[in-house]
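Visitor: Have a look at this one before I ask anything.
The values are calculated or read from the model by the stated rules, or taken from the named source; none is laboratory data. Owing to the predicted nature of the structure, the values given are computational and were not obtained by experimental measurement. Cβ placement follows ideal geometry from the backbone for every residue including glycine, while neighbour counts extend to all protein chains displayed.
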Amino acid sequence: MPKSVMGIGLTGLGFAGAFALHVAAGALGWAWLFGVAVALIYFFAAGFPAIALWLGGMRYRESREARLTYTAGTVIGMGLTLGALWAANGRSFGTWTFVLTPVLVSVVSALLLTIRAWQEGEFRRARA
C-alpha cells in the first residue's frame, strides 16, 4: 500500500472516529466527552496534512509522494475544517469561516510539523 494512501486513510479514520465519538457523546448527554470529541475533530481537521504525513511515515518535502500527500491533505483538511466551523456557526457560513479555515490548517499543520522535526532532532546544533 502506498504511504500516501495509508497516511490519508489513517488520518481520515481518526477524524471519523472523533466524529462518531462526538455523535455518541451528544446522544448520551456527556458534555465533557462531547468537548473532547470536538477538540479531536478540530485537531484532525486542521492538522490533516501533517498528520497524514506522520502516519504515512513520510517527512515534509522528502519526496514527490510526500508533497502529493501534503497537498491532498491540505485540500481535505480545509474541507473538514470549513465544515467544522460551519457547524460551530449554527450551520451557516460567515465570512470569518472562510478566512479562518486556511489560517487554522496552516498554523496547526506547521506546529505539528515543527514538533515532529524537534522530536527527531532537526534543531540540534552540531558540536564544534
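Visitor: Checking the structure you have, find out if any residue of the range 19-34 is under 15 Å from the mean Cα position of the chain (by Cα) and either of a type in the set (D, E, K, R) or farther than 10 Å from Thr69 by Cβ (or both).
Guide: yes
Visitor: Closer than 26 Å to Leu21 by Cβ, surrounded by fewer than 19 Cβ atoms within 10 Å (Cβ to Cβ), out of contact with any strand residue (DSSP E or B) (no Cβ under 6 Å at 6 or more places or on another chain) and touching a residue at least 40 places away in the same chain (Cβ under 8 Å): is that true of Ala52 in this structure?
Guide: no
Visitor: Only one of these conditions is not met by Glu120: (1) over 13 Å from the mean Cα position of the chain (by Cα); (2) closer than 17 Å to Gly7 by Cβ; (3) surrounded by 12 or more Cβ atoms within 10 Å (Cβ to Cβ). Which number is it?
Guide: Unmet condition: (3).
Visitor: Do we have Gly57 as assigned to a helix (DSSP H, G or I), more than 22 Å from Trp86 (Cα to Cα) and modelled with pLDDT under 95 here?
Guide: Here the answer is no, as Gly57 does not meet what is asked.
Visitor: If you check Val99 against the conditions, is it hydrophobic (A, V, I, L, M, F, W, C), without any contact (Cβ under 8 Å) to a residue 40 or more places away in the chain and more than 19 Å from Phe15 (Cα to Cα)?
Guide: For Val99, the condition - hydrophobic (A, V, I, L, M, F, W, C), without any contact (Cβ under 8 Å) to a residue 40 or more places away in the chain and more than 19 Å from Phe15 (Cα to Cα) - is met.
Visitor: Return the only residue of Ala25, Ala16 being in contact with a Leu (Cβ under 6 Å, 6 or more places away or on another chain), of a type in the set (A, V, I, L, M, F, W, C) and surrounded by fewer than 19 Cβ atoms within 10 Å (Cβ to Cβ).
Guide: Ala25
Visitor: A further question on this structure: In the set Arg116, Arg67, which member is in contact (Cβ under 8 Å) with a residue 24 or more places away in the chain and either outside any loop (DSSP other than H, G, I, E, B) or on the phi > 0 side of the Ramachandran plot (or both)?
Guide: Of the residues listed, the single one that is in contact (Cβ under 8 Å) with a residue 24 or more places away in the chain and either outside any loop (DSSP other than H, G, I, E, B) or on the phi > 0 side of the Ramachandran plot (or both) is Arg116.
Visitor: A further question follows. Among Gly73, Gly94, Gly90, which is the only one that is at pLDDT 90 or above and not hydrophobic (A, V, I, L, M, F, W, C)?
Guide: Among Gly73, Gly94, Gly90, only Gly73 is at pLDDT 90 or above and not hydrophobic (A, V, I, L, M, F, W, C).
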